[in-house]
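What follows is calculated from the coordinates using simple rules that are stated; it is not laboratory data. Everything numeric in this text was worked out from a predicted model, so none of it was measured. So basically every Cβ, Gly included, is an ideal-geometry build from the backbone, and we count neighbours across all protein chains shown.
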Number of protein chains: 4
Amino acid sequence: MASVYLKNLKISLFGESHSQIMGATLDGICPGIKIDFDKINKELNKRKACDTLSTDRHEMDDYKIVSGVFNGYTTGTPITILMENRDVDSSKYENIKNTPRPSHADYCNIVKSLGYNDYRGGGHSSGRLTAPLVAVGAICKQILSNKNIYIGSHIKKIHDVIDDEFDKNNYYEEIIKMNDESFPVLNQEKKQMMIETIKLAKSNFDSVGGEIETVVYNCPSGLGEPFFDSVESEVSSLLFSIPAVKGVSFGKGFAFSRFFGSEVNDSLYYDGEKVKTKTNNNGGINGGITNGMPIVINTVIKPTPSIGKEQDTIDLLKKENVKLKIEGRHDPCICHRSVVVIESMVAIAILNLYISREGRLSMK
Amino acid sequence: MASVYLKNLKISLFGESHSQIMGATLDGICPGIKIDFDKINKELNKRKACDTLSTDRHEMDDYKIVSGVFNGYTTGTPITILMENRDVDSSKYENIKNTPRPSHADYCNIVKSLGYNDYRGGGHSSGRLTAPLVAVGAICKQILSNKNIYIGSHIKKIHDVIDDEFDKNNYYEEIIKMNDESFPVLNQEKKQMMIETIKLAKSNFDSVGGEIETVVYNCPSGLGEPFFDSVESEVSSLLFSIPAVKGVSFGKGFAFSRFFGSEVNDSLYYDGEKVKTKTNNNGGINGGITNGMPIVINTVIKPTPSIGKEQDTIDLLKKENVKLKIEGRHDPCICHRSVVVIESMVAIAILNLYISREGRLSMK
Amino acid sequence: MASVYLKNLKISLFGESHSQIMGATLDGICPGIKIDFDKINKELNKRKACDTLSTDRHEMDDYKIVSGVFNGYTTGTPITILMENRDVDSSKYENIKNTPRPSHADYCNIVKSLGYNDYRGGGHSSGRLTAPLVAVGAICKQILSNKNIYIGSHIKKIHDVIDDEFDKNNYYEEIIKMNDESFPVLNQEKKQMMIETIKLAKSNFDSVGGEIETVVYNCPSGLGEPFFDSVESEVSSLLFSIPAVKGVSFGKGFAFSRFFGSEVNDSLYYDGEKVKTKTNNNGGINGGITNGMPIVINTVIKPTPSIGKEQDTIDLLKKENVKLKIEGRHDPCICHRSVVVIESMVAIAILNLYISREGRLSMK
Amino acid sequence: MASVYLKNLKISLFGESHSQIMGATLDGICPGIKIDFDKINKELNKRKACDTLSTDRHEMDDYKIVSGVFNGYTTGTPITILMENRDVDSSKYENIKNTPRPSHADYCNIVKSLGYNDYRGGGHSSGRLTAPLVAVGAICKQILSNKNIYIGSHIKKIHDVIDDEFDKNNYYEEIIKMNDESFPVLNQEKKQMMIETIKLAKSNFDSVGGEIETVVYNCPSGLGEPFFDSVESEVSSLLFSIPAVKGVSFGKGFAFSRFFGSEVNDSLYYDGEKVKTKTNNNGGINGGITNGMPIVINTVIKPTPSIGKEQDTIDLLKKENVKLKIEGRHDPCICHRSVVVIESMVAIAILNLYISREGRLSMK
């Protein structure tokens, strides 16, 4: 297996859901960047399970930066972030060792690892591993915001509840506002309806999916490559690393299929000196390269596969079909917890493309 | 700029729409593979503009393999495919040099290249560059089919016309059948309606978008990585390299957002010795790793941005807003021509993951 | 900065000489490999400063594998090795903060890190960082020895004392024997003379250099690539990562310059079924690819730059030339401690090439 | 096989000694660089066999840049250089198909390619393939010289004839002078003696080896990485891709083994504002990072393995030991032709490290 991101930034992710320590090494950051540890904490808190809508597993998500930062500033050497897994209850997982949970990675991991996988809590494939990624993303987000590039999201949809759209004339303020929310929805009424839907799913021992819209505001034009490393390639590649993401689109996305070109082409115009497009159906990207308009990304999150209801599965030892009732602790919905993970991945992708064009020292 | 795919397979793509020669180098193929040149031709023909639904630019798409193949077999050294651009009419492009076409890569390329781009016909960002990629993909597809792994697609949707679904009990035959079509649609009536829609768009000097569904049949389980190199990451990353692709999803894709977990979880069961899932909402992938079920990929193609209607844009020299009427030659719809490009990209991604697990010599 | 090795195996190295924790993440190892922790300890002990010939800094070099190993077997997920730095005395390094030590990386690191480097003990550039690399190498060496590929070395030269040559008819036994030595020299008399030379250097507050010869025995033919990833490229690239290595050669190495082709060409012959060469002047590699003969590598280690004698250097704050007397703790010779580091790097390179040809699962 | 260099610059090399076309694709060059085609020709001429000291195969080494350059300037898209092989005489190679030439890559290639290799003229492993690398290197050298970074070499040694040393106070002039020579030696008398030695080898149907010293003058400090991507790693990795290179060292190189630290440490001092070292035994590199002093590289070239004398080898079909007399055309010495190949590889490595630190757009 390989859990390494190898671009201008390099990220090596390690650990298992129930290993004592997990973490990530981030390589390629410029020396002399002041690290805002509070901001990392704030981002980690958003990912944490801290409310009645989430799992009962409560990890502190304390992190320790053990290298690459000296006197509060990056030195340019690899930055390693370590986190401990403390609230670990492996007892519940013995029964899934040979009875893979439907729609989970269990069966795939058994095949892939020839049966040597650490099955406890999903092992390396657990959502827990997104915690160090959020810490890495928080550093990238800081560097981008130093360059006045901002990333924000709202939960666009949970089941059949759909949020309002971002105010296209007011992206900056709405992004900043959404960044402060642990359950970011523009319309407060819709937010309540979403929460009710999740509670309903929970009370039914069920789970529910949703969609997140993420915007990168003020990203310079000219980032990305025509082939293989298009902005969409780079962003989607990272987003599809997040467990439960099953679709990624840009701008009008899948809706493009039902339009004529004349309806969705984005006309160019001069807004003073600045080149803009009247509409932004392409989500800030043409031919794989940013055009200076906000980058608009849609990500769909499938319903958490861990549900309390009895399900059909197999017993790999007995080689027979069996029933499974998952005990453990799990989330009825992970959309809100995924928001900061999505933003972290987007931050990594955008910073990486930024460095590719502007050079490593431009980060400072 | 970088147009290099750097995994177990390495692909270096080069050329411009109006350069004399364009091509690709494919590195990492095992020695001793017999190349079926007719199959490469057949795939290239599907991409070619050869009917009234497509551009009037008629390239032969003749290709020459100048290295890495000796006496009809691969030698293991880099395989370079060269193609000539003969039917080149650069005269029509002088006027777009400084008036970027809406929703095209023109403006982005000017910014990215600091104004040194070859603007003729879209330069390196042209859809022409997908021709060598199809030749590369055809080689990968051959190797996969030697391993009984098959890739096929149908046009799922053009505007508001929606094709039937694949017969899930009969994938193999339907894939083989679709592979023979240059406009692959399962339902013949729907096919006619799609063609009518495209003709309508053409007569209106307009264009239209659509959606392609692609299936990888008989792919072994255990391919892909939990983070960064998930099957979805690898496939989407390549698909988003294709000009006009704005969304990629797997299995139920964006529809996941409106379901409860109990409705969409894929139960496991034994079909004799073989492990299968009753439904395939996850499109053959869990936790980034193949589970042995068919891989199901959805790709949305935006309407071709080149339309004959007058549009608003800017003049970069005069620094003012202007009107533009695109002359040149262009397609009212590229969905059918994109099918083989999508399949090529999928073939590259799957072969790459196959080698990653099974080793280079396993190709033989 | 980047401290990442990105081939079929991926290694991410992190930490500083005086950071609390340092370590490495090794990615790409097959699941199901039994880890022999004693062998890792044995290798680490060889690198450790444990005699009167070495520094007075005494680290335990205890390591902890925190991920990727479950019930004693690799799972296929990233393997992270952590080590603590306990015997840290940073006080001695305040005076070198602005007065870089001659022939050390100090000045280069200040420039590279824009002055933000962790200067204590050489920071990330310290020889301490080779400890986690030895742990990584020990795992690779185990996997290779499971395949009957063995790596061994002797100290060929210290100052003007030259060891005997390996018995070419008895490589296996001599390699195994050298593997047990912390100061591996074939001729015991020469070994004593080398030790005397080092003691002399120490008593003079000086240091001394030397040369190591390393042999990979029983490596299969066909590994390596003709360009860019030749065996020599891969091995030298890793060896030149070791601080103090200033030259690498293969087979007859630099001596080739004074011979005619007829004197040094290696004739081929059949030894039963097996193809061998009568001589092995090319050190087991032709055209970048292994030929099945023992791989013979020579590495020169410069004298440790840290010496007790007064030296000339600069004061970067006062911007003037000054005298420097290095206090701290340092080694009069690092040749013997380097042996296991060199072998670790060679093991990584060879295992990587082995996987490249034979596939990941071949490791098992 | 992989013939791809994958750093900030990406190079994909393709072709065979007797294929109709060979070439290379260079990716990662900044847009807006003016290409000096004459300089490329001049470099190619130095590599060409054009005198009585070299092979009788006479290739024009005409090249065609088919992409990535528009109106004489780079566009930022991949630059592909094509060359034709015209003076091809494959008849002489039928007899080596199954009787591998001693010390050549023949046997290794047969093993590696499972017998599917293009054996004519050495196939992909031929020295012919260095021609496109020289064209790539010439572009890199141009960009470096625009930055006042200069690369030059002299033949330090052929057999027992040793050239004078570079005048350390006059590097720039001597480098420029050596750049104009096709047989660059500082001392004219020594040059004549070297030529006599080569003629002697030729008349004896033999060949001879030598050593090249290369200097990078005015390279900025701070390039290179502490581990894995040290300057020495990057340079050696590329130099060991050149057929016949068997050793690479930096500064005092292998001579370091016979010195005490106090004799070879490079003291730092201020030369006005500029930091320099009094001696340059480390060849401009400390801890893998440039220190601003000239980078000094030594490369040993083994005697050409193709000699006219009868040699022992094997017949792989008959499985027996046989005698071989190589006909074909070959060089009694390739040291002088290698100089520009070495410099090309060094130019690629240094430009790559320069971009890594300064950013892609800094090339302009």
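Side notes on the structure shown:
- Axis proximity, chain D to B: residue whose C-beta lies nearest, plus whole-Å distance: D:S12, 2
- For the peptides C:135-148, A:330-343, the ranking by packing is A:330-343, C:135-148, with the highest mean count of neighbouring Cβ atoms within 10 Å listed first.
- Entries in C:K302/D:K252; B:K364/C:K276; A:K10/A:K141 that, when Cα-Cα distance is taken, lie over 18 Å: B:K364/C:K276
- Calculated from backbone phi, Karplus (6.51, -1.76, 1.60) coupling profile of region B:285-292 in Hz, x at Gly/Pro: 9, 10, x, x, 10, 5, 10, x
- For region A:4-363, the residue among A:Y150, A:N280, A:V300 whose Cα projects farthest onto the positive side of the dipole built from Cβ charges is A:V300.
- Across the identical copies, the 7 Å label point of A:Q20, projected outward along Cα→Cβ, sits 1.5, 6.5, 6.7 nm from its counterparts, in ascending order.
- Lys/Arg +1, Asp/Glu -1 at C-beta; region C:4-363 dipole; positive extreme among C:N170, C:I334, C:L200: C:I334
- Under a model in which nothing but the beta-carbon of Lys, Arg (+1) and Asp, Glu (-1) is charged, chain C shows a dipole of about 520 debye around its Cα centre.
- Among the residues of A:154-165, the average count of other protein chain beta-carbon atoms within 10 Å of the residue beta-carbon is 1.
- Nonlocal amide H pairs with A:I285, under 5 Å, H built at 1.01 Å: A:N291
- In the assembly of identical copies, C:N170 has its label point, taken 7 Å from Cα in the direction of the beta carbon, separated from the corresponding points by 5.6, 7.5, 8.7 nm (ascending, one decimal).
- 5 angstrom amide H check on D:I314, placed H, neighbours 5+ away: C:L268, D:V322
- Per-residue mean of foreign Cβ neighbours for D:292-300 is 2 (Cβ atoms of other chains, 10 Å radius).
- Distances between placed amide hydrogens fall under 5 Å for D:G359 paired with A:R360, all partners being 5 or more residues away or on another chain.
- Residue-by-residue Karplus 3J(HN,Hα) for region A:110-120, coefficients 6.51, -1.76, 1.60, Hz, glycine and proline x: 4, 4, 4, 8, 6, x, 9, 6, 7, 7, 5
- Karplus 3J(HN,Hα) series, Hz, for region B:240-247 with 6.51 cos²θ - 1.76 cosθ + 1.60 (x for Gly, Pro): 6, 7, 7, x, 5, 7, 10, x
- Likely footprinting exposure, C:R357, C:R86, fewest C-beta neighbours within 10 Å first: C:R86, C:R357
- Only the Cβ atoms of Lys and Arg (+1) and of Asp and Glu (-1) were treated as charged; on that basis the dipole of the protein assembly as shown about its Cα centre amounts to roughly 0 debye.
- Label point 7 Å beyond Cα along the C-beta direction, distances from C:S91 to other copies (nm, shortest first): 5.1, 8.5, 8.7
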